[in-house]
Amino acid sequence: MAGAAPFAKMNGIGNEIIVADMRGRADSVSAAAALALDADPATKFDQIMAIHEARTPGTDYYIAILNSDGTPAQACGNGTRCVVQALAAETGRKAFTFETLAGILNAIEHADGQISVDMGTPRFGWQDIPLAEEFRDTRMIELQVGPIDAPVLHSPSAVSMGNPHAIFWVDNDVWSYELDRFGPMLENHPLFPERANITIAQVTGPDALTIRTWERGAGLTRACGSAACAAAVAAARTRRTGRSVNLTAPGGQLHVEWRDDDHVVLTGAAEWEFSGTFDPATGAWQRDTESAA
């Protein structure tokens with residue numbers, strides 16, 4: 001395939017990821033290629049993590065992130081873990097510094113295979129999230145789904161983890177809510193000028209949350225790393241939990257620590273599925289013969 005770039009199909013606890021190696025190239029992964037890859041059941045994904053040469057001194061690589069609808073994303077914690085696992089296997093290194101639209105991220109692969117990503121600091125100001133109108137306290141904003149006198153979901157916490165998040169707190173099982181129905185409406189609500197990731201969260205212990213997320217630009221996902229960070233931070237900020245939290249997502253387990261220096265560290269696993277090559281302009285791809293099923 002002329003002009004093809006290597007890729008690996010991976011997942012971070014079920015968050016479907018394509019890690020594209022764009023090093024040594026002047027082009028980028030196009031929105032058309034993203035849509036084509038997502039349309040193929042074999043390569044359907046939540047995010048593409050495209051590795052480019054570093055743009056800023058002191059960083060190892062620049063990571064361009066695309067959602068499955070072809071739009072750019074600022075941050076993806078589960079995808080970053082996949083990038084770390086792929087680069088660690090290639091280079092033997094364990095620690096990396098990446099630049100993304102959301103800023104600089106440091107990540108490390110531990111001896112047990114778990115990977116930690118410093119997702120940076122959360123932002124709570126309404127204009128930083130951003131929201132379309134002023135809320136002095138974003139621990140609870142005015143937004144609801146359903147009848148005024150008996151809303152199904154209401155009063156979410158809002159936070160930015162480099163991308164906008166709204167977390168709805170519920171007492172019932174997170175699976176009892178029709179997130180596939182509410183998600184598109186809430187993602188595109190006028191209150192969120194840059195759209196938003198929508199999470200339903202249930203506190204299951206003093207240091208435990210269960211979450212489901214409708215991801216901006218990707219829809220229902222089995223996991224969303226930045227949403228896990230946003231939920232953990234919002235839980236601590238509203239005194240629902242402490243600052244170190246275990247989260248259960250549909251795809252598996254994550255740990256989030258909101259450190260005293262205000263940085264949020266996400267820890268979890270990553271899994272390689274297969275590798276191949278693809279055309280960054282069209283999305284046409286083929287599987288490597290040695291990784292063929």
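The values are calculated or read from the model by the stated rules, or taken from the named source; none is laboratory data. No experiment lies behind these values; they were computed from the predicted model shown. Because the Cβ atoms are built from the backbone with ideal geometry, glycine has one as well, and the counts that use them run over all protein chains shown. The area values use the complete protein model at the heavy-atom level, side chains included, leaving out ligands, DNA and RNA. Shrake-Rupley method; radii C 1.70, N 1.55, O 1.52, S 1.80 Å.
Rolling a 1.4 Å probe across the protein heavy atoms gives region 120-240 an accessible surface of 43 Å² per residue. Summary: within the chain, the longest segment free of GluC sites (Glu not before Pro) located in DSSP loops with at most 12 other C-beta atoms within 10 Å is 1-132. Please list, short to long, the whole-number percent of alpha-carbon pairs of region 78-174 in consecutive 10 angstrom bins beginning at zero. The calculated distribution, bin by bin, is 14, 31, 25, 20, 9, 1. For region 153-196, the fraction of 1.4 Å probe accessible surface lying on carbon and sulfur atoms is 47 percent.
The alpha carbon radius of gyration of region 189-293, expressed as a multiple of 2.2 N^0.38 Å, is 1.35.
Filter the trypsin sites (Lys or Arg not before Pro) in region 115-156 down to the DSSP loop ones having no more than 10 other Cβ atoms within 10 Å, then list what survives. Don't skip to the answer; put the middle values down first.
Values: sites: Arg123, Arg136, Arg139; in loops: Arg136, Arg139.
Loop-located and lightly packed - Arg136.
Which of Ala86, Ala39, Ala230 ends up with the largest GNM mean-square fluctuation for the chain, with Cα atoms connected below 10 Å? Answer for the Gaussian network model of the chain: Ala39.
Scaling the Cα radius of gyration of the chain by the globular reference 2.2 N^0.38 Å produces a ratio of 0.97.
Starting from the residue with the highest accessible area, list Asp149, Asp112, Asp38 in decreasing order, probe 1.4 Å. Walk me through the numbers before you get to the answer.
Working: Asp149 140, Asp112 115, Asp38 30 Å².
Largest accessible area first, the list is Asp149, Asp112, Asp38.
The separation of region 184-199 from region 47-118, counted between C-alpha centres, amounts to 26 Å. Residues in region 26-42 carry Karplus couplings, in order, of 9, 8, 10, 6, 7, 4, 5, 5, 4, 5, 5, 5, 5, 6, 8, x, 6 Hz; the curve used is 6.51 cos²θ - 1.76 cosθ + 1.60 with θ = phi - 60°, and Gly or Pro positions show x. Among Thr210, Thr121, Thr238, the residue with the largest mean-square fluctuation in a Gaussian network model of the chain, with springs joining Cα atoms closer than 10 Å, is Thr238.
In terms of the ratio Rg/(2.2 N^0.38 Å) built on C-alpha atoms, what value belongs to region 51-90?
Compactness ratio reported: 1.24.
Hydrodynamic estimate: the Kirkwood radius of region 12-94 over Cα pairs, inserted into Stokes-Einstein at 4 °C and 1.567 mPa s, corresponds to D of 99 µm²/s.
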